[in-house]
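Trainee: My questions will all concern the structure given below.
Please treat every number below as a calculation from the coordinates, not as lab data. All values derive from a computational prediction rather than experimental measurement. Note: ideal-geometry Cβ built from the backbone for every residue, glycine included; neighbour counts use all protein chains shown.
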Amino acid sequence: METDSRLVTILCSVYNSEKWISGYLDSINNQIFKNFDIVFVDANSKDTSLQLIKDYKFRTGINKVILEFKERINVYEAWNEAVRVSTTPYVMNVNTDDRLYPAAISTYIDYAHASPEADIFYGTCVVVGDAEHEQIQGLFQWPEYTHEVLLQMCIGGPFPMLKKSSIIEDGLFNPKYTISGDYEMWLRMSKNGRKFCRVIESVGSYYRNPTGISIDKKDFEEHVRQDTELRELYK
């Protein structure tokens, strides 16, 4: 398999991420897949996040693009902007408090070569309880996809790889769902007959960030409301 092709763009929404951005950047830089792009969309950060990204020197083969916004936009608006400027056949959203293992991109691309008809690749991931990704708490080992399974759980996260053309055709992420916009996208793709491919290998670690939009207790009721609305809409 040719590993030098520029096939994937990482989509990265940034907002006040200085606590963990250095580890994130290192995990991207350590990918064994040689050539890929990463688009950072900064939503008017008030800390040093943006400057740390600007100063970081990626190895040869990683193309960095930075989009700066002067107002606060949500993560799904940021991903949409990144998708629009991407030029690769696949895109992959990875949040700044999560980490990819060195073989993550190459693993996904191997699956893409084996299953070119698939539109979304979702992998197993380790769950950690600290920003340094040292305290392992569990494992997201998602089941095989069916629409019924997807209605029960958001098996698409936390860092799936997606066929860009399919996301464009299906209308991009809906920023109306400020917490469950990714879940809405996977349900919409499923309802539209898109093909899901489960990746067996663990490709990274997910930080159960207590201040993250999907975990923060103050947003719990709104999160439940959005998920319930989506399950009814796409059942």
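Trainee: Expressed in nm to one decimal, what extension gain is obtained for the pair Gln141 and Asp55 from 0.36 nm per residue of sequence separation less their Cα-Cα distance?
Mentor: Between Gln141 and Asp55, full extension yields an extra 27.4 nm.
Trainee: Right, here's the next one. Pick from Leu52, Leu151, Leu100 the residue whose mean-square fluctuation is largest in a GNM of the chain, springs joining Cα atoms under 10 Å.
Mentor: Ranking Leu52, Leu151, Leu100 by mean-square fluctuation puts Leu52 first.
Trainee: Now a separate question. Which order results if Ser106, Ser180, Ser13 are arranged by neighbouring Cβ count within 10 Å, fewest first?
Mentor: Numbers: Ser106 17, Ser180 26, Ser13 23.
By the 10 Å Cβ count, ascending, the order reads Ser106, Ser13, Ser180.
Trainee: Cut-off 18 Å, label point 7 angstrom out along Cα-to-Cβ of Glu222: give me the residues of region 12-37 whose amide nitrogen falls inside.
Mentor: 14-16
Trainee: Run the dipole for region 8-234 about the Cα centre, Lys and Arg Cβ at +1, Asp and Glu Cβ at -1, nothing else charged, and hand back the magnitude in debye, nearest 20.
Mentor: 440 debye
Trainee: Another question, if that's okay. Of all DSSP beta bridges in region 8-234, what percent run antiparallel (nearest 5)?
Mentor: Working: 11 of 37 bridges.
Bridges in region 8-234 that DSSP calls antiparallel: roughly 30 percent.
Trainee: Let me ask another. Quickly estimate the mean residue ellipticity at 222 nm for the chain, helices only: each DSSP H run with n ≥ 4 gives -39500 (n - 2.57), and the total goes over all residues, rounded to 500. Show your work: numbers first, answer last.
Mentor: Values: 8 runs with 76 residues, N = 235.
Roughly -9500 deg cm²/dmol at 222 nm, from the helical runs in the chain.
Trainee: Mind checking the dipole of region 103-230: about its Cα centre, +1 per Lys or Arg Cβ, -1 per Asp or Glu Cβ, Debye to the nearest 20?
Mentor: For this selection, approximately 260 debye.
Trainee: If packing is taken as the average count of other Cβ atoms within 10 Å, what order do 184-194, 69-79 fall into, highest mean first?
Mentor: The packing order, highest mean first, is 184-194, 69-79.
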